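The values are calculated or read from the model by the stated rules, or taken from the named source; none is laboratory data. Quick caveat: nothing in here was measured; it's all calculated off a predicted structure. Note: ideal-geometry Cβ built from the backbone for every residue, glycine included; neighbour counts use all protein chains shown.
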Amino acid sequence: MATISPDATIAIIVVAVVVVVIIVIVVICCLCRKCNQCARWSRGKAMAREEAQQEQQRAEMQRGHDQTRIERETVRDQIRAKYNLNGGKPNVAVLS
């Protein structure tokens, strides 16, 4: 049986360590890339949910503003009718 010199043993160990380090780096990179894809997907889903909530809030606020505007216009029309400022329209009634 042939004996391996100490220098050859050290070289084999160094090569094995380098190969193991390269494999570990590749595995870590693959896992990080996969996690980043999952994170990107979940971030997109969360952003879509948040945008939907903001859109719903915006729609509710718009409805509230529209309701207030209609109420103001009604009061304004009643004041115009009361003081006969309706632009000559005789068919406007006073709602007291």
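Filter the range 53-95 for residues that are at pLDDT 95 or above and of a type in the set (Gly, Ala, Ser) and give the result. If the condition is that a residue be at pLDDT 95 or above and of a type in the set (Gly, Ala, Ser), then Ala59, Gly64 are the ones that fit. When the range 7-41 is filtered for residues that are under 13 Å from the mean Cα position of the chain (by Cα) and exposed (fewer than 10 other Cβ atoms within 10 Å of the Cβ), nothing remains.
Based on this model, can you work out whether Arg80 counts as out of contact with any Gly (no Cβ under 9 Å at 6 or more places or on another chain) and charged (D, E, K, R)? Steps first, please.
Values: out of contact with any Gly (no Cβ under 9 Å at 6 or more places or on another chain): no; charged (D, E, K, R): yes.
No, not satisfied.
Which of (1) at negative phi; (2) not in a helix (DSSP H, G or I) does Met61 not meet, given it meets every other one? Status for Met61: all satisfied but (2).
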